[in-house]
Amino acid sequence: MSESPVAVNDRLRDLHAMWRIRALEEKVRDLRLEELIVGSVHLSNGQESIAVAACSELRPQDALYATYRGHGWAVARGVPPRNILAELLARSTGVNGGRGGSAHFSAPEFGFHGENSIVGAGAPTAVGAALAARYDGSGRVAVSVFGDGAMNQGAVTEAMNFAAAFGLGVIFICENNRYSELTPINDMVANPDLSQRATALGIPAVRVDGNDLSQVRTAMSLSVASAAAGRGPSFIEAHTQRIVGHYIGDAEQYRPAGELDADMIVEPIARLARELETAGVGRHAIDRCEARARDEIERAASQALADPLVDPSTAKEHLYA
Amino acid sequence: MPEAVKLNVGGAVNAALARCLEEMPETILYGEDVGKPGGVFGISRGLQKRFGDRVFDTPISETAMLGAAVGAASFGRRPIVEIMWIDFSLVALDQIVNQAANVRYVSEGRTTAPLTIRTQQGNSPGACAQHSQNLEALLLHIPGIRVCMPRTGQDAYDLVLSAVACEDPTVVIENRTLYAGAKEEVTIGGEILPIGGHRRRRDGDHATVVTWGSITTRVLDAVDRLAADGLTADVLEMVWLNPFDHSAVLESVRRTGRLLVVHEAARTGGFGAEVVARVVESGTVLLAPPRRLGLNDSRIPSAPQLAAALIPQTEQIASELREVIGWTHAGDGS
């Protein structure tokens, strides 16, 4: 049975949204290998569906806190790729004028309250955004995104309990990509069901297939409604896979043989393209999602590269009020 | 309208917090046992009753408390967080150093963190090693964090207000041994002063003594003992450590030519080293080598007799100052 045209268009929009992230990440990789971007870079290839689906349920007043693997979340929140690339390229048009870089940039005007290069440290800050909402009547929902590895940081447990104790509107999203940096998460825990930690703290929790946009969307939609209605925090464990290294240059010797091949079949872009094809959508429409995204990112990169480098004379600015 | 009231240091901090909550509706006040019990030292007594849910108790989770302050501050709140003992801030140092201190700079000013951490430090008789440390130098090594250390009731009142009004993360380091002291006249309701500055506690000609925190009281006793022998010293109490009024120190040392820095914190790596270095770097001509006096680089024992052997006492400060004043260059004919 073929899908309705509306449903197909929505799914093509999702595919395009994921390609925008993938194309940006691949461009970042190229620029890093050319050493036009320098320093540590952590890409999110393979995890795009979670950011796209989750952010599609957020409202402008909501506050999202990501990790150092955060480029995709920024794009999904609406931060222009040109200004992200400019940030990584040390251009004055970067979202933070080159102070944040790949792993620590923010763009609060888009509800993107920043990456964080300390594993798990963004969770308490997100709790604060929700705490503020208790007084300002904004109905703001705070979203804290972190990986499976961050579940072993005390900051995350403290933040979850704080939010639970006070019924604060925080959505904790754990992107479980199976590796805490270079080490399998299951070697680092006795109970691989990470969501049970939230449940134990009195936080409703759900485990979803992060490659399935509709599962993420449903979980997110319920969580946003609950938080906005003052019913407190929730926890989403989204299973996913990173199909690149932890950082650019990661030799990935920790991966078992055949794992990446299997991941390339289930990863969300390949999966959605295959589903659309099965639903009878023409190859041209599917391919166009990628082509449009790559065009946009190429243009953004050209613009960013033509932008002026940051001015060293401003290096001490913004340290204090 | 400013009015003079009789308050001890704890009462002065309470009055300042009450004024913050009254006049700045964006302030919230929280910490362990801060709400209903009014704080283990009683500093926030009565405030929850008066200001409702803007004053509340928290789990024993310093990281969550301070992280929440960073997040709430970036959304228009002005959190005032009590960290019961500065030793406890160490479990949440990430939120102070990696998070709060970075917010404004790394976001290029798009996000700010106008939060205040109130804490207290220092040794008191019988306190254990984990409740006795003086850790200001750790914070002073971190650009982006403002730090002050009140001692008198008036300074406790004024500095809390200045800290809360400050647009940057600010740590107010109090001292529990001072909270319940004698009541003194404190002017409340006056203008909220900008951060920074020092207090000149004594005027003298023979040396400059730079100090901060509760040990200032011993320094003043020591200086007053020397006055009986006709030896006088400038005593500068640096109530603000960041920003630090280096120019006031230089101005005094240029006149006296002799410098002693006294703090309760450990001598090695203490902020006294920075004060001395700035004076030396300035090229000011010194009549004697500058000296530092601090905790004798040790862990701090619980037994009062042992602690007193390591932390500068009045007699030691007086003899050190006597040496600084009496020092002459070899060959000067002395």
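The values are calculated or read from the model by the stated rules, or taken from the named source; none is laboratory data. Not measured: the values here are computed from a predicted model. Don't worry about glycine lacking a Cβ; one is built from the backbone with ideal geometry, like all the others, and counts go over all protein chains shown. Areas reflect the complete protein model, heavy atoms only, side chains present, ligands, DNA and RNA absent. Shrake-Rupley method; radii C 1.70, N 1.55, O 1.52, S 1.80 Å.
Just need a number here: residues in segment B:134-160 that are open to solvent by 10 Å² or more (accessible area, probe 1.4 Å), in contact (Cβ under 8 Å) with a residue 40 or more places away in the chain, over 13 Å from the mean Cα position of the chain (by Cα) and under 23 Å from B:Val97 (Cβ atoms).
Final tally of qualifying residues: 2.
Taking strands (runs of 3 or more DSSP E) that do not extend beyond segment B:203-271, which have at least 1 residues that are farther than 26 Å from B:Leu161 by Cβ and either open to solvent by 10 Å² or more (accessible area, probe 1.4 Å) or in contact (Cβ under 8 Å) with a residue 12 or more places away in the chain (or both)?
Working: elements: B:207-211, B:233-237, B:240-242, B:259-266.
The qualifying strands (runs of 3 or more DSSP E) are B:207-211, B:233-237, B:259-266.
Take the residues in segment A:300-320 that are free of Cβ contacts under 8 Å to residues at least 24 places away in the same chain and in a helix (DSSP H, G or I); name whichever of them is most open to solvent (accessible area, probe 1.4 Å). Outline the logic, then answer.
From segment A:300-320, those free of Cβ contacts under 8 Å to residues at least 24 places away in the same chain are A:302, A:306, A:312-313, A:315-317, A:319-320; that's our starting set.
Applying the additional criterion that residues be in a helix (DSSP H, G or I) yields A:302, A:306, A:312-313.
Details: A:Ser302: 70, A:Ala306: 84, A:Pro312: 109, A:Ser313: 92 Å².
The residue in question is A:Pro312.
Confirm whether B:Lys36 is away from chain A (no Cβ under 14 Å) and free of Cβ contacts under 8 Å to residues at least 12 places away in the same chain.
It is false that B:Lys36 is away from chain A (no Cβ under 14 Å) and free of Cβ contacts under 8 Å to residues at least 12 places away in the same chain.
Scan segment A:266-279 residue by residue and report those that are under 15 Å from A:Arg242 (Cβ atoms) and out of contact with any Asp or Glu (no Cβ under 7 Å at 6 or more places or on another chain).
A:Val266, A:Glu267, A:Ala270
Select from segment B:294-334 the residues that are touching a helix residue (DSSP H, G or I) at 6+ places or on another chain (Cβ under 9 Å) and in a helix (DSSP H, G or I) and list them in ascending order.
If the condition is that a residue be touching a helix residue (DSSP H, G or I) at 6+ places or on another chain (Cβ under 9 Å) and in a helix (DSSP H, G or I), then B:Thr314, B:Glu315, B:Gln316, B:Ile317, B:Ala318, B:Ser319, B:Glu320, B:Leu321, B:Arg322, B:Ile325 are the ones that fit.
Which ones in segment A:90-102 are touching a residue at least 24 places away in the same chain (Cβ under 8 Å) and more than 7 Å from chain B (Cβ to nearest Cβ)?
A:Ala90, A:Arg91, A:Ser92, A:Thr93, A:Gly94, A:Gly98, A:Gly101, A:Ser102
For a quick check of your reading of the model, give me the residue pairs whose first member lies in segment A:28-55 and is at positive phi, whose second is charged (D, E, K, R), with beta-carbon atoms closer than 6 Å and at least 6 apart or on different chains.
A:Gly46/A:Arg242; A:Gly46/A:Glu267
Identify, by number, the condition in (1) open to solvent by less than 30 Å² (accessible area, probe 1.4 Å); (2) closer than 20 Å to A:Glu181 by Cα that A:His104 doesn't meet.
(1)
Determine if segment A:42-62 includes at least one residue that is within 14 Å of another protein chain (Cβ to nearest Cβ) and open to solvent by less than 10 Å² (accessible area, probe 1.4 Å).
The answer is yes, given that some residue of segment A:42-62 is within 14 Å of another protein chain (Cβ to nearest Cβ) and open to solvent by less than 10 Å² (accessible area, probe 1.4 Å).
For segment A:103-125, indicate whether the set of residues that are at the interface with chain B (Cβ under 9 Å from one of its Cβ atoms), among the polar types (S, T, N, Q) and free of Cβ contacts under 8 Å to residues at least 12 places away in the same chain is non-empty.
Yes, because at least one residue in segment A:103-125 is at the interface with chain B (Cβ under 9 Å from one of its Cβ atoms), among the polar types (S, T, N, Q) and free of Cβ contacts under 8 Å to residues at least 12 places away in the same chain.
Name the pairs: first residue in segment A:140-161 and at the interface with chain B (Cβ under 9 Å from one of its Cβ atoms), second residue of a type in the set (Ser, Thr, Tyr) and open to solvent by less than 20 Å² (accessible area, probe 1.4 Å), Cβ to Cβ under 6 Å, at least 6 apart or on different chains?
Hits for this filter: A:Ala155/B:Thr63; A:Glu158/B:Ser61; A:Glu158/B:Thr63.
Output the residues belonging to segment B:68-93 that are of a type outside the set (A, V, I, L, M) and either within 29 Å of B:Ile300 (Cβ to Cβ) or outside the structural domain of B:Pro25 (by TED's automatic domain parsing) (or both). Give the steps one after another, and end with the answer.
First, pick out the residues of segment B:68-93 that are of a type outside the set (A, V, I, L, M): B:71, B:74-79, B:82, B:85, B:87-89.
Listed by number, the residues that qualify are B:Glu82, B:Trp85, B:Asp87, B:Phe88, B:Ser89.
Name the pairs: first residue in segment A:1-27 and of a type in the set (A, V, I, L, M, F, W, C), second residue outside any helix (DSSP H, G or I), Cβ to Cβ under 7 Å, at least 6 apart or on different chains?
Listed pairs, sorted by first residue: A:Val8/A:Ala279; A:Val8/A:Val281; A:Ile21/A:Ser44.
Given the condition facing chain A (nearest Cβ under 8 Å) and open to solvent by 20 Å² or more (accessible area, probe 1.4 Å), answer yes or no: does some residue in segment B:60-71 qualify?
No.
Just a yes or no: is a residue in segment A:260-267 open to solvent by 80 Å² or more (accessible area, probe 1.4 Å), free of Cβ contacts under 8 Å to residues at least 12 places away in the same chain and either closer than 22 Å to A:Arg82 by Cβ or within 14 Å of another protein chain (Cβ to nearest Cβ) (or both)?
No; the residues of segment A:260-267 include none that is open to solvent by 80 Å² or more (accessible area, probe 1.4 Å), free of Cβ contacts under 8 Å to residues at least 12 places away in the same chain and either closer than 22 Å to A:Arg82 by Cβ or within 14 Å of another protein chain (Cβ to nearest Cβ) (or both).
Determine, yes or no, whether A:Ser44 is in contact with a helix residue (DSSP H, G or I) (Cβ under 7 Å, 6 or more places away or on another chain) and not in a strand (DSSP E or B).
Taking the combined requirement at face value, the residue satisfies it.
Picking from B:Ala207, B:Ala156, which residue would you name as being more than 14 Å from chain A (Cβ to nearest Cβ), in contact with a Pro (Cβ under 6 Å, 6 or more places away or on another chain) and modelled with pLDDT of 95 or more?
Only one candidate qualifies: B:Ala156.
So how many residues does segment A:156-179 have that are over 16 Å from the mean Cα position of the chain (by Cα) and either among the acidic types (Asp, Glu) or at pLDDT below 95 (or both)?
Here the count works out to 1.
Of a type outside the set (Phe, Trp, Tyr), open to solvent by 10 Å² or more (accessible area, probe 1.4 Å) and in contact (Cβ under 8 Å) with a residue 12 or more places away in the chain: is that true of B:Arg77 in this structure?
Here the answer is yes, as B:Arg77 does meet what is asked.
Among the residues of segment B:85-100, which ones are within 22 Å of A:Thr125 (Cβ to Cβ), open to solvent by 10 Å² or more (accessible area, probe 1.4 Å) and under 19 Å from the mean Cα position of the chain (by Cα)?
Result: B:Phe88, B:Ser89, B:Leu90, B:Leu93, B:Val97.
Which residues, counting only those in segment A:263-283, are farther than 16 Å from A:Ala7 by Cβ and either at pLDDT below 95 or assigned to a loop (DSSP other than H, G, I, E, B) (or both)?
The answer is A:Glu267, and nothing else.
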